[in-house]
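Have a look at the structure below, then the notes.
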Amino acid sequence: MGSNPHESPWVRERYLHLYEIFGNSPFSTQDAAQELGGEDVRTVRVFISEMNRAGLIEKEKDPADGRRVLYRFLPAADSIRYGTAPGESPKRRHIRPSSTAGRQPPAPVGEFDGLSDADRDLIYQAETLDLMTAFRVRTLEDLHDFFLLLAVGKLMNMVERSGYEVDITALDLLEGAAAPLEELIDVAVKAGLPAVFRSAWGHGELQAFCSRISQRLAGREETDFTPDSFLEDNLPAFVNQFLSNGRYDLDRYFDLDLFLHFYATCYPTVRDALPHASPELLDLLVRLVDPRPGESVCDPAGCDCIPLLRARQHVWEQEGDNPAPSLFYGQIFVHDPEAPPARSLWYRLCASCLILCSTPGIGVTTGNALLATPFRDLTDLQEPAFDCVISVPPWNLGGYGKERLKKTDAWWRRFSWGVPSGRSADWAFVQVAISLAGEQGRLGVVVDRSALNREGEDEKIRAAIIEDNLIDCVILLPERICTKTQFQTCNDQCAILLLRKGRRSAAGPHDPGEILFINAQALHDGRDDGSPLRRLTGIDRILSTYERSIEREHFSRRVSIEEIRASANSLDPERYVPGEDGSGYACVALRDLVLDAAWGVSTGSVTGKRVQVVHVSDIEPDGKIISSSIRRETIDPATPDDAQLAKGDILISFRNGLFEKIALYEGAPAPLYHHQGLLRVRPDSRKVLAPYLISLLRILKDTRRFHSTDRDSLLRETLDLAIVVPPHSRQAQISQTLTNNPGMQSFIAGLLATANRSPESR
């Protein structure tokens, strides 16, 4: 979705020059570059892309060379020259030719007299935020309706300047009539609005929008909407009234900064419907990748369009008075690649934003980057190669295993490091991003923390990418700074992967033989009250650490590829950088963490004392002890009293060289003993908390195989286990969240696997 050719002098100037030379004759990119005084081919591609998205140019193959693409201007491009669609004399009910084409909206008057533009803009922004409150924006759909209503006002301004009068009333909306809006969009396309916008609003979507606005207008007394008298005015008047008595000039003041400000404002209040990347995370991500004027940027698999829009804003901040043309391409992820873009609420919201902000150089579509190469329909490049790739793809997306991905186009190129299991597509998305980057491309991809430690196919892919020297930095972010996505509920923590093509040849502070790890878990607003979200802080500290490749105690460290290789190719920063609270994860033998460990008592003595004895059969698979099934049995009278179970003891049974059942004894009124088929481990509470230790033993349950079969050897091997031991405060926190936090679970599992792999690693 590019700029309106009427509103872009850069596009108009080049069009007029090239149209005079080529007319309707075919030409190549090189031909255009030569006629534009030897302009860089890349810059010419920006112009051609703008014309292509505006529906004013067509592509064809060179008959002499099938690999070469030629272009031809369409007749409709005359609209750029004459300010109106050629030959158009519409006789329609709602839109008709005007004799006052080209008029500008009146400047604000009254109380704004004498104010600077900056002060006036502040007032505009504050009042628009108040209007959002009045509109009662609670869901993503509310936000969509709000911006589409504003976009309708902007469309009318564009159409009126192109030679038409718009006669659509607010009453049309009240009656739920979508036809006038469809007509408006049709004429706007003919007047120069990029044709791709037409795909954002089909009849069904516009009809639903009108219905929702009708409901809001019908209940305007409750919502403090506009008086009845304005309902019969034309829609521009209604929109102006809606926008604080006509003081707004949408063409002038509504920009990308304001849109992103709206997003940041709405994020905490409608978080259940908004995408999972918080405004602070997006700000950090874009500044880390640092797209520059003249570069191409893409987001191949976002849940929304916000990262791309934030990247465009970042480039604008650097452009100054002589902007270099940049290309921005986004593809919003959908499961069904054949579904029309209008099905995506975020696609429609993005279309409204781009109309309102007159944002040039941005193309957005929908698709499934896992099943097809992105952006082939938006660019003339056979194999797109972008300077920057910025993406927050869906996390832990299942259903995309080898069987499915190997049936897709060019899968060997997009997944050249391996195809992940069908449980999570995280590393498939990372590979798609890498495949779209140019030879010196810079990438920033946000992944769930669990992706940094997973075993199996994911570890093989991680190892291959690490060995190819593509990973520059990994940043672990605080828990609870992101929300759920429209595809799945995210885990508590995420991380930023920063990758660079050509790291070995790149000059700078980053050693190509090392990866910089940043543990930024502590950088949040400090809320630990169970609130759903925290706010990411310390962005400048993270940026300076990355840009200068600084090592800071408890915060950042450069780690060699060899050390990472020896650590099961884990990319979790916490493995290499202890937290700022000193919470290093030491590995200690279990025997050093327990007061006692012993097998249980034998039963069936002819003489002795009768006591309650818990057997393996009295423990459920989830570790719960079934008190009602425990029997009284006779044990040896010489059994010492300290053989009784104490609160906090852990009971373990074995089967086929693996842990079978693991139970935590939480106490009972009567003395209880354990049978000889169970091993009792009594933790030293000064060193390790029983709930934390049992959580770790359960992680090892299906992975740690014992070589011995006799009880003495099993006891010895169990006590030799290496256990990860953070401070007490961290142990309690981990034990409470470990079950429902796959990211933390995977991290701890990785540490345990590495620590127990060989004696040297303990």
Residues being part of a strand (DSSP E or B), over 20 Å from Ser352 (Cβ atoms) and not hydroxyl-bearing (Ser, Thr, Tyr) - total across the stretch 155-185: 1
Single condition Val46 does not satisfy, out of (1) at pLDDT below 75; (2) farther than 23 Å from Leu309 by Cβ; (3) within 35 Å of the chain's Cα centre (by Cα): (2)
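Every residue, every condition in (1) outside the structural domain of Thr718 (by TED's automatic domain parsing); (2) under 30 Å from Val725 (Cα atoms); (3) in contact with a Lys or Arg (Cβ under 9 Å, 6 or more places away or on another chain); (4) not aromatic (Phe, Trp, Tyr), yes or no:
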residue	(1), (2), (3), (4)
Lys609	no, no, no, yes
Gln644	no, yes, no, yes
Ser653	no, yes, yes, yes
Phe659	no, yes, yes, no
Glu666	no, yes, yes, yes
Leu679	no, yes, yes, yes
Arg686	no, yes, no, yes
Residue in the stretch 644-651 that is of a type in the set (D, E, K, R), on the phi < 0 side of the Ramachandran plot and not in a loop (DSSP other than H, G, I, E, B) present: no
Answer from Asp702, Asp622, Asp712 - the residue that is acidic (Asp, Glu), surrounded by fewer than 18 Cβ atoms within 10 Å (Cβ to Cβ), assigned to a loop (DSSP other than H, G, I, E, B) and free of Cβ contacts under 8 Å to residues at least 40 places away in the same chain: Asp622
Residue match in the stretch 417-429 (condition: part of a loop (DSSP other than H, G, I, E, B) and at positive phi): yes
Any hit, the stretch 653-661, residues being over 17 Å from Asp592 (Cβ atoms), among the basic types (Lys, Arg) and surrounded by fewer than 14 Cβ atoms within 10 Å (Cβ to Cβ): yes
Residues within the stretch 49-68 that are crowded, with 17+ Cβ neighbours inside 10 Å and either at pLDDT 80 or above or over 17 Å from Leu18 (Cα atoms) (or both), tallied: 2
Count - residues of the stretch 438-480 that are within 16 Å of Lys501 (Cα to Cα), aliphatic (A, V, I, L, M) and in contact with a Cys (Cβ under 8 Å, 6 or more places away or on another chain): 1
Residue match in the stretch 704-722 (condition: at pLDDT below 85, in the same structural domain as Arg610 (by TED's automatic domain parsing) and among the β-branched types (Val, Ile, Thr)): yes
Among the residues listed as Val189, Val196, Val152, the single one being part of a helix (DSSP H, G or I), at pLDDT below 60 and either closer than 22 Å to Leu345 by Cα or touching a Ser or Thr at 6+ places or on another chain (Cβ under 7 Å) (or both): Val196
Close pairs (8 angstrom Cβ cut-off, 6 or more residues apart or separate chains): farther than 23 Å from Phe659 by Cα in the stretch 719-735, at pLDDT below 80 and part of a helix (DSSP H, G or I) anywhere: Pro726/Ile734
Answer from Arg575, Arg557, Arg610, Arg631 - the residue that is touching a helix residue (DSSP H, G or I) at 6+ places or on another chain (Cβ under 8 Å), among the charged types (D, E, K, R) and at pLDDT below 90: Arg575
Evaluation of Asn491 against (1) at pLDDT 85 or above; (2) surrounded by 19 or more Cβ atoms within 10 Å (Cβ to Cβ) (one fails), failing number: (1)
Residue in the stretch 655-674 that is at pLDDT below 90, of a type in the set (Val, Ile, Thr) and outside any loop (DSSP other than H, G, I, E, B) present: no
Helices (runs of 4 or more DSSP H) wholly inside the stretch 221-312 containing at least 2 residues that are at pLDDT 60 or above and not polar (S, T, N, Q): 235-242, 256-266, 279-289
Hits in the stretch 547-570 (condition: within 27 Å of the chain's Cα centre (by Cα), part of a loop (DSSP other than H, G, I, E, B) and within 22 Å of Ser450 (Cβ to Cβ)): Ala568, Asn569, Ser570
Index of the failed condition, Ser544 passing every other in (1) hydroxyl-bearing (Ser, Thr, Tyr); (2) in contact with a Leu (Cβ under 8 Å, 6 or more places away or on another chain); (3) more than 20 Å from Ile465 (Cβ to Cβ); (4) at pLDDT 85 or above: (2)
Where a residue in the stretch 494-518 is not assigned by TED's automatic domain parsing to the domain that holds Ser435 and hydrophobic (A, V, I, L, M, F, W, C) and its partner, wherever it lies, is in a strand (DSSP E or B) and modelled with pLDDT of 90 or more, with Cβ under 7 Å and at least six apart: none
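The values are calculated or read from the model by the stated rules, or taken from the named source; none is laboratory data. Quick caveat: nothing in here was measured; it's all calculated off a predicted structure. No Cβ is skipped: glycine too gets one built from the backbone with ideal geometry, and neighbour counts run over all protein chains shown.
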